[in-house]
1. Please indicate, with yes or no, whether at least one residue in region 202-214 is closer than 25 Å to G11 by Cα and open to solvent by 50 Å² or more (accessible area, probe 1.4 Å).
2. When region 56-99 is examined, which residues are found to be among the small types (G, A, S), assigned to a helix (DSSP H, G or I) and open to solvent by 10 Å² or more (accessible area, probe 1.4 Å)?
3. Go through the residues of region 52-72 one by one and say whether even a single one is at pLDDT 95 or above and charged (D, E, K, R).
4. Among the residues that make up region 249-263, is at least one of them part of a loop (DSSP other than H, G, I, E, B), open to solvent by less than 50 Å² (accessible area, probe 1.4 Å) and either within 23 Å of P95 (Cα to Cα) or in contact with a strand residue (DSSP E or B) (Cβ under 7 Å, 6 or more places away or on another chain) (or both)?
5. Show the residue pairs that are 6+ apart or on different chains and have beta-carbon atoms under 8 Å apart, the first residue being within region 187-212 and farther than 20 Å from G170 by Cβ, the second being among the charged types (D, E, K, R).
6. From the list R191, R200, R156, pick out the single residue that is at pLDDT 95 or above, out of contact with any Asp or Glu (no Cβ under 8 Å at 6 or more places or on another chain) and farther than 30 Å from R25 by Cβ.
7. Look at T276 and say whether it is open to solvent by 50 Å² or more (accessible area, probe 1.4 Å) and among the polar types (S, T, N, Q).
8. In region 14-42, what residues are open to solvent by 10 Å² or more (accessible area, probe 1.4 Å) and among the hydroxyl-bearing types (S, T, Y)?
Amino acid sequence: MAHSAPIIQLGETTSTNDELGNRWRERNSRPLLPFTSVVADFQTRGRGRLGRQWEAPKKSSLLLSILVPTTEEDATWMPLAGGLATALVLDGLLPAPQGLDETAETLVLDGLLPTDEGTQPGGAANAPAVAPRVDLKWPNDLLVGGKKIAGILSERLGKDPDGTVWVALGIGVNVTQGEDELPPVPSTSLRLQGAAPVSRTALAHMIIEQLKATLTSASLANDYATRCVSTRGNVHATLPDGSTITGTGTGIDTSGALLVEDEGGTTHTISAGDVTLADNLPETPGALQ
């Protein structure tokens, strides 16, 4: 599918969010279209939320940053929208019980999911019998079977006089890693999950197109909440001031914040901080970008 904005491909950079931010700040001399993206084979200073470091072998992960125009009201939804869009694409690549699941079929019909001869879209020869389902951990992790497969890092770049807010939306996906190449936290990759083969470039195109659709979807909030494991049980939140809240995740509010009800019945609105899962799912430290 043709794109009006380019995907800038680099062999190595500090981080794709850094590269995109630098180009945005130079836009007066080198204009950038909305949804211009940067992809790199390797990052020397890849990072996640809260300044956490992330390392991945060269060419093993999709390292993608997308320049997204938004509004003050919608900017807080950006990491959630990026996570949902990526989850929808990955669902189309992960194996389904009977070859094609609904998501994969839609991607094929839209021309977004490339197929290889002899390989069914949405499936692979060594696929598990039951399709994994991509879950979302608020605000930035994507999990398959409780293992991290992707992460999001949304960084605000600035605001135009007309009110447009510009965001560098970083998306990292574990693509080809084997068990010995993953970080020492419960993690997985498309390869380990038996996903349909896909190049990192094709995956980037698919995610960008799905993101555009997700950002304009009236069901964004509901679709995110349906997949969010942080609203299905007990969570522990560490807030920016160091205070903590432990309770039950009950939902996502209109700004994209996580709602947590403590043992005393008080509902807290968590708009920033570090949230870990207390029920049967691992703590996952930060995003891939």
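The values are calculated or read from the model by the stated rules, or taken from the named source; none is laboratory data. A quick note: this is a predicted structure, and the numbers were derived from the prediction, not measured. Cβ: placed from backbone, ideal geometry, glycine included. Neighbour counts: every protein chain shown. All accessible areas refer to the heavy atoms of the entire protein, side chains included, with ligands and DNA or RNA removed. Shrake-Rupley method; radii C 1.70, N 1.55, O 1.52, S 1.80 Å.
1. yes
2. A75
3. Yes; the residues of region 52-72 include at least one that is at pLDDT 95 or above and charged (D, E, K, R).
4. yes
5. Going by the 8 Å Cβ cut-off, the qualifying pairs are L192/E179; A196/D116; P197/D116.
6. One residue alone meets the criteria, R191.
7. For T276, the condition - open to solvent by 50 Å² or more (accessible area, probe 1.4 Å) and among the polar types (S, T, N, Q) - is not met.
8. T14, S29
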